[in-house]
1. Please go through region 258-286 and give me each residue that is surrounded by fewer than 19 Cβ atoms within 10 Å (Cβ to Cβ) and touching a residue at least 60 places away in the same chain (Cβ under 8 Å), ordered by number.
2. Output the qualifying pairs, or none if there are none: Cβ atoms under 7 angstrom, residues six or more apart or on different chains, first residue in region 143-166 and open to solvent by less than 90 Å² (accessible area, probe 1.4 Å), second residue aromatic (Phe, Trp, Tyr) and at pLDDT 70 or above.
3. Taking region 214-252 as the search range and keeping residues that are aromatic (Phe, Trp, Tyr) and free of Cβ contacts under 8 Å to residues at least 40 places away in the same chain, which one is most open to solvent (accessible area, probe 1.4 Å)?
4. Which pairs have Cβ atoms under 8 Å, sit 6 or more apart or on different chains, and link a residue in region 20-37 that is over 18 Å from TYR226 (Cβ atoms) and basic (Lys, Arg) to one that is modelled with pLDDT under 95 and part of a helix (DSSP H, G or I)?
5. Would you point out the residue of region 21-47, among those that are among the β-branched types (Val, Ile, Thr) and surrounded by fewer than 19 Cβ atoms within 10 Å (Cβ to Cβ), that is farthest from LEU272 (Cα to Cα)?
6. In the set ARG132, ARG104, ARG78, which member is touching a residue at least 40 places away in the same chain (Cβ under 8 Å), open to solvent by 40 Å² or more (accessible area, probe 1.4 Å) and among the charged types (D, E, K, R)?
7. Is it true that VAL57 is at pLDDT 90 or above, farther than 21 Å from SER299 by Cα and either of a type outside the set (Gly, Ala, Ser) or under 20 Å from the mean Cα position of the chain (by Cα) (or both)?
8. In region 114-153, which residues are among the charged types (D, E, K, R) and over 18 Å from the mean Cα position of the chain (by Cα)?
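The values are calculated or read from the model by the stated rules, or taken from the named source; none is laboratory data. On a predicted model such as this, the values are computed, not experimentally measured, just so you know. Note that we place each Cβ from the backbone using ideal geometry, even for glycine, and neighbour counts take in every protein chain shown. Calculation scope for accessible area: heavy atoms of the full protein, side chains included, ligands and nucleic acids excluded. Shrake-Rupley method; radii C 1.70, N 1.55, O 1.52, S 1.80 Å.
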Amino acid sequence: MSSVVYSADRVGTILESFRVINLAMSFFTCFVLTKRLESTFLRRLTAAALVAATAPVLTACYQFASNTGLTIDTFTNRVYGTFAHPNVLATFCLVMLALIARERERDATSRKRAYLFFSLLLVLMIIATYTRAAWIVLVFSSVSIAFLRRRRRLLHAMIGGMIAVLLLGMASRFLPPCFQAEVMDLSVVRRVSQRPPRADSLQWRWWVVRGSFKIFAMRPILGFGYGTFPTVWDRYKDPARRADPSSEAHNDYIRLLVEEGVVGLGIYLIILISFSLFALKQSIRTGWRHSVFPISVLSYCLISLTENMLRHTASAWWLWALWGAWSAEGQVNPGAVSSLCEEAIDSDPAKH
């Protein structure tokens, strides 16, 4: 918004503006095509998405098997597929899981084994990225869907999980210390339970938040211009942390607060809240048969607290395209309305 009259980095503003315009075009294109073609376009969109996911997922599988992933924050072999960072692959896999879950809602019998296999593969790749935010969102979305549609199975799973944890806790007392040390040294366990002093992600993110608020205070109303966070951050960040190579907020809300001020962030939050309510109403109207839609929106809002979702191009494009299709799904096609009106006129006794 403020970028129209002011920008601290006009090139960055132009590039990021094109990215957002593409997101909007993807959304509205899929919305219109779904309204006109309905199931035909939805099948093609699903097929295209799964084909697009093949190369990143297979590459990630190779990286996992060959131990050629990235080493970040003392954790080795973090798979990243064909993307630049494991976090992008993690969010991309979450989007593909949402797509598969929505297809399962639409037709629970078609391609059941294929979808199950691909879902397990996507979950494995999410775990292998060691992206904790993606793990949290995966659990949140799975539990939410189960609560809305499979409460009994969720209850059984929770009881089984608590029993398993209890049994493992009791058994650990009888295991030799060397075995306990090996379990605690597993990468997945360390990622959840430990915060290395030299690579404490939470502490680093808190430092970024505090620094961002200091920059925000310089232009609190309209900000520095869309897409300017890297430039502004490098210019004004704490001199004692100049050696830090990252120039990203890792939080969409903080980034927009700096770039667009309270006005721009307020508009963005209004859009997200309105869209969340729309998705929720649509799901309630269909008896929770479209539960994946609102949960995907809430998951997006949640993961945006720790990720640059608006800049995760592959994930964002596919997600907003799917949202466009899901927004139109189930609504009456305009052509069908015309046909119904024509039939009603033809069958009107007064006409004859």
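1. Matches in region 258-286: VAL263, ILE267.
2. Going by the 7 Å Cβ cut-off, the qualifying pairs are LEU148/TRP288; ARG149/TRP288; LEU154/PHE147.
3. Looking at the filtered set, the residue picked out is TYR236.
4. Within 8 Å, the pairs are LYS35/ALA328; LYS35/PRO334; ARG36/PRO334; ARG36/GLY335.
5. Once the filter is applied, the top-ranked residue is THR40.
6. Testing whether each residue is touching a residue at least 40 places away in the same chain (Cβ under 8 Å), open to solvent by 40 Å² or more (accessible area, probe 1.4 Å) and among the charged types (D, E, K, R) leaves just ARG132.
7. yes
8. Result: ARG149, ARG150, ARG151, ARG152, ARG153.
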